[in-house]
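Here's the structure we're looking at; comments come further down.
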Amino acid sequence: MEITSKSKEAGSMNMSGFDHPEFDGHEKIVFGHDARTGLYTVIAIHDTRLGPALGGCRMWPYQNTEEALTDALRLSRGMTYKNAMAGLDYGGGKAVIIADPKKDKSPELMHAFGKKVDALGGLYITGEDVGMTPADMEAIGGATEHVRGTSKTHRGDPSPYTALGVYCGIQSALKHLYGSSDLHGRTVSVQGLGNVGFTLARFLHDAGADLVVSDINQSAVGRAVSAFGAKSVDTNDAHKVEADVFAPCAMGAGINSDTIPELGAPIIAGSANNQLAEPSDGEALAQRGILYAPDYVINAGGVIALARHDVEDDVLEADVRDIGDTLTEIFLRAQAENAPTATVADRIAEERLSAADRQGRS
Ligand code: NAD
């Protein structure tokens, strides 16, 4: 993808450095370019108090530099909170490559990106995100050791671990609300039957839950209906289903001022990133008495698998299952402090970061 002077200009009109609306004390922001391969990348390192910044690389045809920078700043901050809440000794970072993954990808481009990562000397560790594949990780791995998800470091697709974490989170939420985590006779509305959603549906079905499923991809719906005896619903109605749990596993911002009054389940617990359209939606959910499992806590199984790539399977599985305990801590504290669960999760993450800061200074 060519970054024209026009698109650079369009981006620069709103661009700012430390005044950028998404700037949040980021430690380092790198703009990387390689003329030979046409690489344009932004690597944002938000916080390394807990350890080197770990977060995937997203390839997306951003319209201009401003859009790419905004995404890198926002996503890297999210990784700081996610890694802190997952109890990992990693900070938060994220990279974006301005390119169309369907047209612009080449091993040379990936190698050039790997060299930019390598130049950071391990301050940032990259991995897969939207628009990237395991083959891309291999190509990046030819230029740097600071990459996860290659055949040297990877135990496979992390999404089953994400699904396992969400499953454990659902059990914790049920236990908190009903005093039992038993899924027999419980109904879960699973929206999105991709890598995470389909595996989650299988875990839930095996544990005795009744499923209501939805996806824009009708063949995925058909597979779930026949494999799990699930009922199907239009995806626009998935949040309205009268169920025990609504598990959004597709896109973000599905919980907003339009959908909150229509929610049919007392628990929201799913894998989608950025589920709340606005921070104030966490408060609105609490006011409606809906128990929300904060997205970056419940969906951390995948990043735990990347971070703990060198441990035995049973150790990793136990780490991922701990997501359930972390959520219980959040639910109890939210109850005690009469605060939204999303706010409490942010507070706990910030406490962990401050504790690391104090340790670092002592
Ligand atoms: P995926 O691309 O494999 O699956 C997404 C599914 O959602 C697809 O089946 C797609 O058809 C469906 N979908 C898209 N738009 C929809 C809509 N409007 N309504 C209903 N269905 C829709 O993605 P995934 O890896 O399963 O990830 C699902 C969500 O979980 C994403 O938000 C992702 O960011 C998040 N997440 C994934 C992981 C992971 O390990 N894969 C980790 C953390 C968070």
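Filtering 130, 225, 117, 190 for residues that are assigned by TED's automatic domain parsing to the domain that holds residue 297 and within 23 Å of the chain's Cα centre (by Cα) leaves a single hit, 190. Scanning the range 138-174 for residues that are modelled with pLDDT of 95 or more, under 30 Å from residue 246 (Cα atoms) and of a type outside the set (Ser, Thr, Tyr) returns 163, 164, 165, 166, 168, 169, 170, 171, 173, 174. Can you name every residue in the range 246-290 that is crowded, with 23+ Cβ neighbours inside 10 Å, in contact with a Leu (Cβ under 8 Å, 6 or more places away or on another chain) and of a type in the set (S, T, N, Q)? Of everything in the range 246-290, just one residue is crowded, with 23+ Cβ neighbours inside 10 Å, in contact with a Leu (Cβ under 8 Å, 6 or more places away or on another chain) and of a type in the set (S, T, N, Q), namely 271. If you go through the range 199-224 and keep only what is farther than 15 Å from residue 163 by Cβ, of a type outside the set (D, E, K, R) and within 14 Å of the ligand (Cβ to nearest atom), you end up with 212, 214, 216, 217, 218, 219, 221, 222. Scanning the range 87-128 for residues that are within 14 Å of residue 47 (Cβ to Cβ) and either within 16 Å of the ligand (Cβ to nearest atom) or among the small types (Gly, Ala, Ser) (or both) returns 88, 90, 91, 92, 93, 94.
Under the condition of being modelled with pLDDT under 95, of a type in the set (D, E, K, R) and either outside the structural domain of residue 167 (by TED's automatic domain parsing) or closer than 22 Å to residue 52 by Cβ (or both), the residues counted in the range 295-349 number 2. When the test is whether a residue is in contact with a Ser or Thr (Cβ under 6 Å, 6 or more places away or on another chain) and closer than 23 Å to residue 279 by Cβ, residue 22 passes it. Residue check: is residue 131 touching an Asp or Glu at 6+ places or on another chain (Cβ under 7 Å) and within 13 Å of the ligand (Cβ to nearest atom)? Here the answer is no, as residue 131 does not meet what is asked. Looking at 143, 227, just one residue is touching a His at 6+ places or on another chain (Cβ under 6 Å) and of a type outside the set (Lys, Arg), and that residue is 143.
Applying the set (1) of a type in the set (Val, Ile, Thr); (2) more than 9 Å from the ligand (Cβ to nearest atom); (3) touching a residue at least 40 places away in the same chain (Cβ under 8 Å) to residue 196 leaves exactly one unmet item: (2). The numbered conditions (1) in the same structural domain as residue 39 (by TED's automatic domain parsing); (2) assigned to a helix (DSSP H, G or I); (3) charged (D, E, K, R) are all true for residue 94 except (2).
The values are calculated or read from the model by the stated rules, or taken from the named source; none is laboratory data. Treat the numbers as computed from the prediction; the structure is a model and nothing was measured. Note that each Cβ is placed from the backbone with ideal geometry, even for glycine, and that neighbours are counted across all protein chains shown.
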